[in-house]
Amino acid sequence: MTFGEQPAYLRVAGDLRKKIVDGSLPPHTRLPSQARIREEYGVSDTVALEARKVLMAEGLVEGRSGSGTYVRERPVPRRVARSGYRPDSGATPFRQEQADFAVRGTWESHSRQVEASGAIAERLAIQPGDRVMCTNYVYRDGGEAMMLSTSWEPLAVTGRTPVMLPEEGPLGGMGVVERMAAIDVIVDNVTEEVGARPGLAEELLALGGVPGHVVVVIQRTFYASGRPVETADVVVPADRYRIAYHLPVK
């Protein structure tokens, strides 16, 4: 293989991918068999198999037990709007996270006290093992799971206060900014780091993805006078949603 030349399996996968994208192989069409790929492209069984694995890892095709491999329906990406930490009156976590879809949005949540891991302790500027309130969310758009979130709040800040449980009490569901303000903690900054990785098995199960699908992960932290008061990991399926930021110009 000369310098810069693609391996054979990638060239075969690239040609098949092009056919899927341009509609030559429309959704629900059976992918050419391994033997057909071998004959059409003049490659070995190993190359044909690896090419099919690439397309499956990319989420373009799916295997059906006893039937073969088929082209998947390609979803039209929808937008998840993010608008910082604006303390809008009556705002809920869901409306803060995806303002454009709040009308159809619902969510489920579960909170529990846990000990902060080393990574979470570092993000919250506390000691590993310190108690935090951990809340898991599943957000739905029109009934379809579209976003997961796990948040951690140091109980040194919220413990024994009316806002200790994010989704319960007089300010349950009102969002971090408004809840913190109720206990005289003024949020004045928020940071978000955006990355991507293969989804974990439990994430993809909850989001309706298939093994190998990529998710966008937003690591968000709220600060009050430089002190972290909440940090969260927001997980969104990359093939179905795009993250849109609305940032004020000062």
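Can you find, among Ala201, Leu165, Ile186, the residue sitting farthest towards the positive end of the charge dipole of the chain, where Lys and Arg contribute +1 and Asp and Glu -1 at Cβ?
Value: Ala201.
How large is the Kirkwood hydrodynamic radius of the stretch 106-250, in angstrom, based on all distinct alpha carbon pairs?
The answer is 16.1 Å.
Let me spell out the model: positive unit charges on the Cβ of Lys and Arg, negative unit charges on the Cβ of Asp and Glu, origin at the Cα centre of the stretch 8-71. What dipole size does that give, in debye rounded to 20?
60 debye
Could you tell me which of Val236, Leu247, Ile20 has its Cα farthest along the dipole of the chain towards the positive end, charges placed at Cβ (Lys, Arg +1; Asp, Glu -1), taken about the Cα centre?
Projecting each Cα onto the dipole axis, the largest value belongs to Ile20.
Calculate, for the stretch 8-71, the solvent-accessible area per residue in square angstrom, rolling a 1.4 angstrom probe over the heavy atoms of the protein chains.
Ligands and nucleic acids excluded, the figure is 54 Å² per residue.
So what's the gap between the Cα centers of the stretch 148-206 and the stretch 1-74, to the nearest angstrom?
43 Å
Tell me, what ³J(HN,Hα) does each residue in the stretch 124-134 have, in order and in whole Hz, if you take phi through Karplus 6.51 cos²θ - 1.76 cosθ + 1.60 with θ = phi - 60° and put x for Gly and Pro?
Listing the rounded values in order: 9, 6, 10, 8, x, x, 4, 7, 9, 8, 9 Hz.
What Kirkwood radius, in Å to one decimal, follows from the Cα pairs of the chain?
With all distinct Cα pairs of the chain included, I get 20.7 Å.
Amide H of Gly212 versus every other amide H placed in the peptide plane: which residues, excluding those fewer than 5 positions away on the same chain, fall under 5 Å?
Here the answer is Gly199, since their amide H atoms fall under 5 Å of that of Gly212.
Work out the charge dipole of the chain with +1 on the Cβ of Lys and Arg and -1 on the Cβ of Asp and Glu about the Cα centre, then indicate which of Ile120, Ser44, Gly66 is farthest towards its positive end.
With unit charges placed on the Cβ atoms, the residue in question is Ser44.
Taking amide H atoms as placed 1.01 Å from N in the peptide plane, list the residues 5 or more away in sequence, or in a different chain, whose amide H sits under 5 Å from that of Arg78.
The answer is Tyr241, Arg242.
Counting only protein heavy atoms and using a 1.4 Å probe, what share of the accessible area of the chain belongs to carbon plus sulfur, as a whole percent?
The computed percentage sits at 54.
Only bridges whose two residues both fall in the chain count here: according to DSSP, what percent of them are antiparallel, nearest 5?
90 percent
Just to confirm a number: summing +1 for Lys and Arg and -1 for Asp and Glu over residues other than Pro166 whose beta-carbon lies under 12 angstrom from that of Pro166, what do you get?
-3
Through the Karplus equation 6.51 cos²θ - 1.76 cosθ + 1.60, θ set to phi - 60°, convert the phi angles of the stretch 219-227 into ³J(HN,Hα) values in whole Hz; use x for Gly and Pro.
In residue order, the calculated couplings are 9, 10, 9, 9, 10, 10, 6, x, 9 Hz.
Relative to the Cα centre, what is the charge dipole magnitude of the stretch 78-245, using +1 at the beta carbon of each Lys and Arg, -1 at the beta carbon of each Asp and Glu, and rounding to the nearest 20 debye?
280 debye
The values are calculated or read from the model by the stated rules, or taken from the named source; none is laboratory data. Being a predicted model, the structure only gives us computed values, none of them experimental. Cβ atoms come from the backbone with ideal geometry, glycine included; neighbour counts cover every protein chain shown. These accessible areas exclude ligands, DNA and RNA; they are computed on the full protein's heavy atoms, side chains included. Shrake-Rupley method; radii C 1.70, N 1.55, O 1.52, S 1.80 Å.
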